[in-house]
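I'd like to ask some things about the structure below.
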Amino acid sequence: MTVAEQEALPTEGVPEAGDSARRATPVVARDAEGGEVELDPTVFGAPVKPGLHYDAVRQYMAGRRAGTHATKNRALVAGGGRKPWRQKGTGNARVGSRRTPLWRGGGTVFGPQPRDYSYRLPGRMQRGALRSALSLCATEGRLRVFEDFGLEGPSTRAVLRRLGEWDSAAGRVLIVETAPSDDLYLSTRNLPAVEVVSVRALHCYEVLKAKTVLIQRSALASLSEKLSEAGGR
């Protein structure tokens with residue numbers, strides 16, 4: 001077949017090379033009202049990588065450590081201003097201060113001192129861990145999409161009633177909104193099993209810890225923008 005004959009062949013309906021690789025499997029999550037919502041497959045259909053989960057959770061927990069532990073070395077222990085006994089003639093071992101680490105009540109050698117345990121994890125790894133955690137959550141059916149809580153003011157009872165209607169009252173619940181309202185924050189702050197975060201502050205650790213993840217419909221676009229390979233911090 002000549003080149004001219006090849007160019008004359010109809011190309012309509014013939015898939016281009018790489019289309020099947022670029023076409024991701026659609027991901028569907030339950031709506032809070034009982035319907036279905038199609039999710040971004042690049043965010044909620046990414047490969048699950050437990051190694052990234054480990055790295056992200058370890059970095060998160062290290063950043064939460066207070067690091068206020070402290071011991072006193074011989075320079076900080078009180079006392080020891082004079083020599084306990086003279087250098088020679090007593091039969092005792094030579095000692096110059098009661099603050100020596102060899103004595104009870106003396107200083108501690110190489111003891112822990114206040115320090116900062118936090119360290120930086122590359123942003124690409126953080127985004128990858130969050131994508132993996134959200135994909136795992138969607139695969140296990142622990143993800144719900146809601147429109148709005150419809151609060152007219154701070155009301156813990158109203159939040160609990162709405163969570164019961166959405167079959168999300170059991171276990172730990174994570175609520176993700178674009179910008180959490182003050183009413184929702186005040187309504188959930190005395191519920192130890194309910195946590196409210198914004199899209200900007202969402203972390204892999206919180207998603208893995210929650211039994212149910214409720215994501216506001218308007219926050220889905222922000223999540224896709226944040227977790228895309230080109231976007232994010």
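The values are calculated or read from the model by the stated rules, or taken from the named source; none is laboratory data. These numbers come from a predicted model, not from an experiment. Ideal geometry is used to build each Cβ from the backbone, glycine not excepted, and the neighbour counts take in all protein chains shown.
Inside the stretch 134-233, counting only helices (runs of 4 or more DSSP H) that do not spill past its ends, which hold 1 or more residues that are more than 22 Å from M61 (Cβ to Cβ)?
Per the criteria, 156-165, 182-188, 219-227.
Now, a different point. Looking at this structure, is Q87 more than 30 Å from W166 (Cβ to Cβ) and not assigned by TED's automatic domain parsing to the domain that holds F44?
Against the criterion (more than 30 Å from W166 (Cβ to Cβ) and not assigned by TED's automatic domain parsing to the domain that holds F44), Q87 qualifies.
Still on this model: Does the stretch 47-69 hold any residues that are surrounded by 13 or more Cβ atoms within 10 Å (Cβ to Cβ) and more than 17 Å from the chain's Cα centre (by Cα), and which are they?
Selection gives G67 alone.
For every residue, the table says whether it meets (1) crowded, with 21+ Cβ neighbours inside 10 Å; (2) modelled with pLDDT under 90; (3) charged (D, E, K, R).
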site	(1), (2), (3)
Y117	no, no, no
A133	yes, no, no
E152	no, yes, yes
R162	no, yes, yes
G171	no, yes, no
V207	yes, no, no
L214	yes, no, no
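Rundown of residues vs (1) in contact with a Cys (Cβ under 9 Å, 6 or more places away or on another chain); (2) over 20 Å from L223 (Cβ atoms); (3) not small (G, A, S), yes/no style:
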| site | (1), (2), (3) |
| --- | --- |
| H53 | yes, no, yes |
| Q59 | no, yes, yes |
| A62 | no, yes, no |
| G67 | no, yes, no |
| A70 | no, yes, no |
| G79 | no, yes, no |
| P84 | no, yes, yes |
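Follow-up. Take T100 and decide whether it is loosely packed, with under 15 Cβ neighbours inside 10 Å and either touching a residue at least 12 places away in the same chain (Cβ under 8 Å) or on the phi < 0 side of the Ramachandran plot (or both).
Considered against the rule, which asks whether it is loosely packed, with under 15 Cβ neighbours inside 10 Å and either touching a residue at least 12 places away in the same chain (Cβ under 8 Å) or on the phi < 0 side of the Ramachandran plot (or both), T100 comes out as no.
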